[in-house]
Each structure stands twice: as structure tokens, then as C-alpha cells.
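The values are calculated or read from the model by the stated rules, or taken from the named source; none is laboratory data. Nothing here was measured: the structure is a model prediction, and the numbers come from that model. In this analysis, Cβ positions are derived from the backbone assuming ideal geometry, glycine residues included, and neighbour counts consider all displayed protein chains.
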Amino acid sequence: MFENLLLDNLTIGVLILNQEFEVKYLNRYMKEILKEYFNEIDLKYLKMNEALKKRLAKFDLKVKQREIKKDGEAYLFLEFHDVSDLKKLEKDLEEKSKSQNKLVAMLDTVQEFIFYLDSEGRLEYFNKAYAEYLNIPNNELYGKKEIEFFPEAMAKKCLENNEIAFEKGNFYEEEYLDGRWYQTFKSRVDLENDEYGILAMVKEITESKKRSLDLKEKAYKDILTGTYNRNFYEERLRSIFEEKTSSIFSMMLIDIDKFKEINDSKGHDIGDLVLKRLATILKNSIRKNGDYIIRMGGDELCIVIESNLEDLKRVYQRVESEIRKQNITEEFSFEISAGLVQRKSAEKLDAFYKRADVELYKIKKEKIN
């Protein structure tokens, strides 16, 4: 009565019931759904009762119904749509949402600043720590660019960092800001539909940086005199000279006259006191900024200042004056010899040191003669 080629080729189930809820027609798709519970004979005498409803309830089916008329009689036309894929998608989305919420909750517990910028540099995500650091309400941050809440110079720096991350894939730096050290890492993230952005993490490393710098400073310090040591000369001072090829520097190479006799006659403990006293005098005589005192070994000390020879001569005069004063008041005295030179244009550190050593040798030779 209702046999229909079109209905049999639908990918939805079709049931047509008469007014006594007897099944007058099932299409092919509906038969496939029910064949697990009913054989062909049963299907011919099927009725919409509680048993059938329970069977259908086991499937992920959405039911649509409408009344139709045929040959003057009314029938109920039921469509059964398979929504298992839709339910699976909804479940997947729900699980994904739960996972995202967990991730957001976890990221909000960390102290590091974590945020995401879209390809236009707009904030699409930021964790609690970053929002608290900026001290701006969340609804005023979403969709904003860094130029809108950072000072111009800082925003410009952020933009440059973003461009490096976009171009090279990542960006990393350590910087000192407002008395604190920060470590910044930015990475380009490529998403679907040709969308991309930057995932960034900023971590405060002040304490670890201080420990690192303290250890490095200790590695560069002479234990006895508290001045810089040969390690500093070979690593840091050499690096400074390579960076500042056009800068003016002057060097004074010093050693203590007859230091071996002091050690031999008065003991090495007195020799150490003499070295300490000289180091203190040198520290009090330099100008501090851009001046370095280095113990090269034994009783040889080196002063390097970022200035001309005339300024270095004034430092030497202060040193000489202070030594004379202390020689009068202390129970043992000492004298020094010094070679002073000014750096030639783009002169390397080794050549510079060698000329100072030659000048020191001349002074000591004159004293002997």
C-alpha cells in the first residue's frame, strides 16, 4: 500500500502507523535498524507498543512525526533520524570543553605570564597571573593590542619581538626591567584555516639570575685582594675590548718593589697584608664607573679605565699619595712601580698589555740604575 522506491532509498528510518498503531510500512533503512530484534515475519505484524518503544530507545534516533491521509484514512508518518554521529560530536565537544577548562584552570595556577596573540597582535587568551600583573579588568584586555596598554617604548619592543617570532618561529631573551629579571619566550602557532598567532610565556627569574651572577662574580674575583682576577681579564675585559673597538682606554700595570724580600724577611702573611693594603688603596683611588682593578698574579696588579692617559695619571698620583701617608703610620712600608699607557686606535688587549708591561720594565730598570 505504501511501497515506495524513494522511501526505501532514504538514509532515515520511516514507519507508517494506522490509527490502531499497527505498522503498515517500514522502509529498508528502518528494517535494518530493527532486524537485530525482529525477523521478517515479526516485522509484518509489528505494532507500536511498549516493547517496540523500548527497542527503539536503544538507538540514537531523533523522531519526527506528522499525520498523512491515504484513501480517506489517517495515518501517522514517523521519521527516525540517526543522531549517533551528532551525539558523538556533542560528547567530543563536551570533553574538549572540559579539557580546555581544566587547562585554563591549571594555567591560572602558575606564576608565569602566559598569553596568546592572534596574527594581528590582539590578545585572545591570558592567564590570571598576566592579568594581575597588568592590573587591567579582563573585559578590557580581550582583543586589545599591546600598544593599547603598554608604554610606547615597551609596546614597540614587544612588536619587534612578535615579528621575530612570526618570521623565525620563536623568540627568546632575558631582560632587566624595573629592578627585576624576566625571561621571555614566544613561539609561532599555526592553526587551521591558515590562522596563526603567538603563544608567549614570561617568567620572572630574578632570584636565579642573582645566584648566577653571584657565582660568576665569585669566579671573577681574587680571594685575597677582592679585586678582579685573571679570569675576568681573559674573558670579560677581552670581550669589552672587542665590543668597544673605538673607545679610549688607559692601563696602569703595577707591581710592588722588592716584594720577594718582603716575603722572605717578614713572612708571607705580611706579604699578603701588603697586597691587601695596596688593593684597598687602588679601590679608593679609581673613579668606580668604567674602571677595573685586576690582580694578574703574584704582586702584579692592573688598572684599566675607560678614559685618557691624563685621567689615569691622576689616579696614579692619588695612589702614590695614599701609599706615602700609610708608610708613615704603619709598622711596615712598601713602594710600587707602574707603567702607564693609553690605547691606540682599535688596539687589541694583548698588544695594549704588552706596551704597559714594557713601560713598567723601563720604570723598574731606572730604579735599579
Screening Ser307, Ser321, Ser250, Ser246 for residues that are hydroxyl-bearing (Ser, Thr, Tyr) and modelled with pLDDT under 90 leaves only Ser246
Is it the case that some residue within the stretch 253-271 is closer than 30 Å to Glu347 by Cα and modelled with pLDDT of 95 or more?
yes
Take Glu204 and tell me if it is loosely packed, with under 15 Cβ neighbours inside 10 Å and not hydroxyl-bearing (Ser, Thr, Tyr).
no
May I ask you to list the residues in the stretch 284-316 that are part of a helix (DSSP H, G or I) and either outside the structural domain of Glu243 (by TED's automatic domain parsing) or under 19 Å from Phe249 (Cβ atoms) (or both)?
Ser285, Leu309, Glu310, Asp311, Leu312, Lys313, Arg314, Val315, Tyr316
Spans of helices (runs of 4 or more DSSP H) in the stretch 132-245 with at least 3 residues of a type in the set (D, E, K, R):
152-168, 206-219, 238-243
Would you say Ile254 is of a type in the set (A, V, I, L, M), surrounded by 13 or more Cβ atoms within 10 Å (Cβ to Cβ), assigned to a loop (DSSP other than H, G, I, E, B) and within 49 Å of the chain's Cα centre (by Cα)?
no
List the residue pairs whose Cβ atoms are under 8 Å apart, where the first residue sits in the stretch 163-188 and is at positive phi and assigned by TED's automatic domain parsing to the domain that holds Pro151, the second is of a type in the set (Lys, Arg) and in a strand (DSSP E or B), and the two are 6 or more positions apart or on different chains.
Gly169/Arg188
Of all residues in the stretch 271-325 being over 28 Å from Ala219 (Cα atoms) and of a type in the set (Asp, Glu), which is surrounded by the most Cβ atoms within 10 Å (Cβ to Cβ)?
Glu322
Filtered residues of the stretch 327-347 (kept if assigned to a strand (DSSP E or B) and among the hydrophobic types (A, V, I, L, M, F, W, C)):
Ile336, Ala338, Leu340, Val341
A careful count of residues in the stretch 53-67 that are closer than 14 Å to Lys24 by Cβ and part of a helix (DSSP H, G or I) gives 0
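Condition first: out of contact with any helix residue (DSSP H, G or I) (no Cβ under 8 Å at 6 or more places or on another chain) and not in a helix (DSSP H, G or I). Now tell me which residues in the stretch 348-369 satisfy that.
Looking only at the stretch 348-369, we keep the residues that are out of contact with any helix residue (DSSP H, G or I) (no Cβ under 8 Å at 6 or more places or on another chain), and these are 350-351, 353-369.
Matches in the stretch 348-369: Asn369 only.
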Evaluate the stretch 86-105: report whether one residue or more is over 30 Å from Leu34 (Cβ atoms), assigned to a helix (DSSP H, G or I) and modelled with pLDDT of 85 or more.
no
Check on Lys53, assigned by TED's automatic domain parsing to the domain that holds Asn9, loosely packed, with under 11 Cβ neighbours inside 10 Å and either modelled with pLDDT of 75 or more or in contact with a helix residue (DSSP H, G or I) (Cβ under 6 Å, 6 or more places away or on another chain) (or both)
yes
